[in-house]
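Report on the following structure.
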Amino acid sequence: MNNYSDIEKRWQNYWDKIKLFEPDLKNSEHKYYCLMMFPYPSAALHIGHMRNYTLGDTLARYKIMQGFNLFTPMGWDAFGLPAENAAIKDGIHPAESTAKNIATMKKQLREWGVGYAWSKEINSSSPEYYKWTQWLFLQLYKKGLAYRKKAKVNFCPSCQTVLANEQVIEGKCERCSTAVVQKELEQWFLKITAYAERLLEDLNTLTKWPEKVKTMQKNWIGRSEGAEVKFKIKNAKLAMQNEEFIKVFTTRPDTLFGCTYLALSTEHPIIEKLKSKIENRKEIEKYIKETKRQSISTRDILGKEKSGVEIKGVKAINPVNNQKIPIWVVDYVLMEYGTGAIMAVPAHDQRDFEFAKKYNLPIRQVIKAPSPKPQAPSPKRAYEGEGALINSEKYNGLSSQEAKEKITADLQKKGLAEKKVLYRLRDWLISRQRYWGTPIPIIYCPKCGTLPLPGKDLPVVLPRDVQFKPGGESPLKRKSNFIQTTCPKCGSLARREADTMDTFIDSSWYYLRYLSPQDKKDAFNSSLVNRWLPVNQYIGGVEHAIMHLLYARFINKFLYDCEFVNFNEPFTSLFTQGMVIKDGLKMSKSKGNVVYPDTLIEKYGADAVRLYILFIAPPGKDVEWNSEGVAGMWRFLKKVERIGLRVEGGGKRKEREQKIEKNLQREIHKTIKKVTEDMERFHFNTAISSIMELVNYLSRFPFPVSRFPLETIILLLAPFAPHFCEEIWQNVLKNKGSVFKHPWPRYESRFIQPEKALIIVQVNGKLRAKIEVERDISEKELKELVLKEEQLKKWLTKPIKKIVVVPNQIVNIVI
RNA sequence: GCCGGGAUGGCGGAAUUGGUAGACGCCUGGGACUUAAAAUCCCAUGUCCUUUAUGGGCGUGUCGGUUCGAGUCCGACUCCCGGCACCA
């Protein structure tokens, strides 16, 4: 083969013609829904993308050969920030650039031999799709799961625009370097917290998800059991009747006696309330102003060194011992989590410990670590484990567990504490002050208030004809014929919501739409969806482990509760692929380290590149890209091709199989077994290497050989190198029909078992000899054989203490 | 800062359950074939020592532990990567 492009195109057209990837959706028997996370249509796809899609395609082709009724659709997560930025910068309409990118990507996917059920293609930015994203929002609204509240955004005063966290670089606007400020806006939220417990609990049912993803989700939801404790505020001027409290949440009420100060978030409302009593008001106000976060991102807030200022003139009363303790305003307590205030226990919390050291606050040990690891709070660390209470008056000697119960119960009697379960998970802020997204179907009427758009009026169409200003303010806001509308209830002049939705909503339900992308009546066809879902295999980047996968699970559960779907979790099995790294960084256009596969494909063919990309590492791991090895895969395919030219004649496959030489027979069946097992666990790299071993074995074999070994190799290789294998299968081996319509080969165990066993003989765990013996001989016989071995004599210089025998494998002599 | 993951030759990696570390491929060196080149084939290729036949020591990020036996399990640490709620 020398003209790859022609041969590859021919087979790509052939697969179209035989509808290899077009499923029969009416028949869901033996179904296999293989789903790749749909991509954002960025410019051209690079090697990193190619890795993801060949991985999915290889699995899909393997499943076809196994006889599954495969459904593997593809679509476009087409709304989002980059297209809008490009529009602002270059004046090209997002719809235009998106369409162009999609065309490029489809062409590339095709050239790679990556097949999809293109008749089911979806695009989240088309009105046919986002109409139903809006419908979904209305369902959530109807059930009280969508609500409005104030929330902060990054705002660039110079560009007059809201910035994404990504656009804030060290507190400054990425476009104009102006210091970013925070702005409070009324925004829409989805009540994902109402599902916190179920999202957590049902992780247990996801047995085919990677543990690491489940752990990350679990920690993200962050369920903690503890108590909310009230600290009274003392001030000379504060009368008893209008007592103020500061509430804190703690998982460690057992350490209450070690609490030596309270720490408040800079946004805690009590500061404003106590204003008149604070002696160092100026100082506090100055501190709050200075530390006013320049970014709303947690990593910026918690990533820097902690600081704080003591509030003078007021003290808090520790409810367990009535001790007066200072109150500090600090920058390491988030208003969003818990009560916005914490009780600080420097002896038993590392952050508090460091803070106390810095500002010379008292550190009081109240928990004694259980021996044998006596761990007093050393000069360097807090002891964060549990243990026995000390310095805690009547609770001394109790275990942490007992003390938690008892102290909480005692405080509860006095109305000073309450048992609580707290989640770290926050509600999902979905409002975006941007153009290129799904409009939120809400109308604000001066008389009737906030109203959902009636379903019959959907979709709220995103106006095409808008102006993108260099400043970057959302063009929807200025589009008066979009904003102005009439109230669906009273008919008076009303205003549309100008914000659009987070694109994560688009991607939280798309897997349902694929079954009926042209449906005009419903978002999805429940009866089809219930037969074809949950998705058998979901494949995507590990960077989506938390947000996208949690949002999709949440929306699915919501739809389940509404009885639109009858499955509780959308994705049965999840595979997270690794990233392609170049020069130590994730390959991405913004980092300027992308490698495009096109020239490699031109030189070596798509199959060699596919093979190489799957060969260099297991698909779950990150891999550093180096184009040099592609040639090796090309050589490998050439070698297979040469064997193809030297096989002999016809006969029935079964007969050919019988005639084969015994050792070759064993190698073939061993390889089938190995490749099949590797396919199941996504170890495509070792699957390929064992096919290579068989090819090496065969190429050293006296020729001609019968067709059976080569046919097997072609079948095993077909999912990886589809064009090449189809060509050999049909045009060299002269088989009728597609190689993918031929069943995946099966192995027979009886051919695999070797007669002899190779025994590794060790002395004190070090390899000293290898001997071949009959399989399954008794331990006694084996020991005798081993001890007779000449080459061992020189090692057995001391008396033998013990002999460890692992049958058919290893003998370790301990001297 | 917090959560999750990773580290094995010159390079990508293999070793699936604690049992021969380095499969397979790349790079590099040597040889065969050839008028020559390409292609192909063969050999070598962790490292050090003794050199020559055998061999032996060391070696899976660092330090320590468990075990007859550790890349794999446990503890502490270092560095790198992903995520941290408006990139998707």
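Here are some notes:
- Check on A:Tyr40, aromatic (Phe, Trp, Tyr), surrounded by fewer than 21 Cβ atoms within 10 Å (Cβ to Cβ) and under 26 Å from the mean Cα position of the chain (by Cα): yes
- Which listed residue, of A:Glu602, A:Glu628, is under 24 Å from A:Tyr4 (Cα atoms) and within 8 Å of RNA strand B (Cβ to nearest atom): A:Glu628
- Failed item in (1) within 16 Å of RNA strand B (Cβ to nearest atom); (2) at pLDDT 90 or above, with A:Gln323 passing the rest: (1)
- Just so you know, in segment A:136-183 the residues that are assigned to a loop (DSSP other than H, G, I, E, B), among the aliphatic types (A, V, I, L, M) and within 13 Å of RNA strand B (Cβ to nearest atom) include one that is least open to solvent (accessible area, probe 1.4 Å), and it is A:Val180.
- Single residue of segment A:547-584 satisfying the filter (more than 12 Å from RNA strand B (Cβ to nearest atom) and polar (S, T, N, Q)) that is surrounded by the most Cβ atoms within 10 Å (Cβ to Cβ): A:Asn556
- Residues of segment A:226-265 classified as over 24 Å from A:Ala347 (Cα atoms) and either touching an Asp or Glu at 6+ places or on another chain (Cβ under 8 Å) or at pLDDT 95 or above (or both), total: 1
- Residues that are farther than 18 Å from A:Val535 by Cβ, more than 8 Å from RNA strand B (Cβ to nearest atom) and acidic (Asp, Glu), drawn from segment A:189-220: A:Glu197, A:Glu201
- Residue in segment A:536-556 that is of a type in the set (Lys, Arg), under 19 Å from A:Ser125 (Cβ atoms) and at pLDDT 90 or above present: no
- Given (1) open to solvent by 30 Å² or more (accessible area, probe 1.4 Å); (2) within 30 Å of A:Leu611 (Cα to Cα), number of the condition A:Ser738 does not satisfy: (1)
- Taking first residues from segment A:628-639 that are closer than 16 Å to A:Ile691 by Cβ and outside any helix (DSSP H, G or I) and partners that are of a type in the set (A, V, I, L, M, F, W, C) and modelled with pLDDT under 95, no Cβ contact under 8 Å between residues at least 6 apart in sequence or on separate chains turns up.
- Here A:Glu186 does not fit the description of being surrounded by fewer than 16 Cβ atoms within 10 Å (Cβ to Cβ), more than 10 Å from RNA strand B (Cβ to nearest atom) and at positive phi.
- Pairs, first farther than 16 Å from A:Glu667 by Cβ and assigned to a helix (DSSP H, G or I) in segment A:749-774, second within 11 Å of RNA strand B (Cβ to nearest atom) and small (Gly, Ala, Ser), C-beta under 8 Å, six or more apart: none
- Within segment A:594-616, the set of residues being outside any helix (DSSP H, G or I) and either farther than 14 Å from A:Asn626 by Cα or open to solvent by 20 Å² or more (accessible area, probe 1.4 Å) (or both) comprises A:Val594, A:Val595, A:Tyr596, A:Gly605, A:Ile616.
- Residue identified as closer than 23 Å to A:Asn696 by Cα and either buried (at least 20 other Cβ atoms within 10 Å of the Cβ) or acidic (Asp, Glu) (or both) among A:Ile714, A:Ile759, A:Ile813, A:Ile752: A:Ile714
- Residue within segment A:521-536 that is β-branched (Val, Ile, Thr), closer than 20 Å to A:Tyr116 by Cα and in contact (Cβ under 8 Å) with a residue 24 or more places away in the chain present: yes
- As for segment A:411-420, it holds no residue that is under 17 Å from A:Asn481 (Cα atoms), touching a residue at least 40 places away in the same chain (Cβ under 8 Å) and not hydroxyl-bearing (Ser, Thr, Tyr).
- Segment A:561-590 residues that are in contact (Cβ under 8 Å) with a residue 24 or more places away in the chain, paired with ones that are of a type in the set (Ser, Thr, Tyr) and exposed (fewer than 14 other Cβ atoms within 10 Å of the Cβ) (beta carbon under 7 Å, 6 or more apart): A:Glu569/A:Thr205
- Residues considered: A:Glu201, A:Glu225. Of these, the only one that is without any contact (Cβ under 8 Å) to a residue 60 or more places away in the chain, surrounded by fewer than 14 Cβ atoms within 10 Å (Cβ to Cβ) and farther than 19 Å from A:Ala356 by Cβ is A:Glu201.
- Segment A:330-348, residues that are out of contact with any His (no Cβ under 9 Å at 6 or more places or on another chain) and not in a strand (DSSP E or B): A:Asp331, A:Tyr332, A:Leu334, A:Glu336, A:Tyr337, A:Gly338, A:Val345, A:Pro346, A:Ala347, A:His348
- Elements of type strands (runs of 3 or more DSSP E) contained in segment A:448-513, each with 2 or more residues being open to solvent by 50 Å² or more (accessible area, probe 1.4 Å) and of a type outside the set (Ser, Thr, Tyr): A:493-496
The values are calculated or read from the model by the stated rules, or taken from the named source; none is laboratory data. Remember, it's a predicted structure, so these values are computed and weren't measured experimentally. For neighbour counting, all protein chains shown are included, and Cβ atoms are generated from backbone atoms with ideal geometry for every residue, glycine included. Note: areas computed on protein heavy atoms with side chains; ligands, DNA, RNA excluded. Shrake-Rupley method; radii C 1.70, N 1.55, O 1.52, S 1.80 Å.
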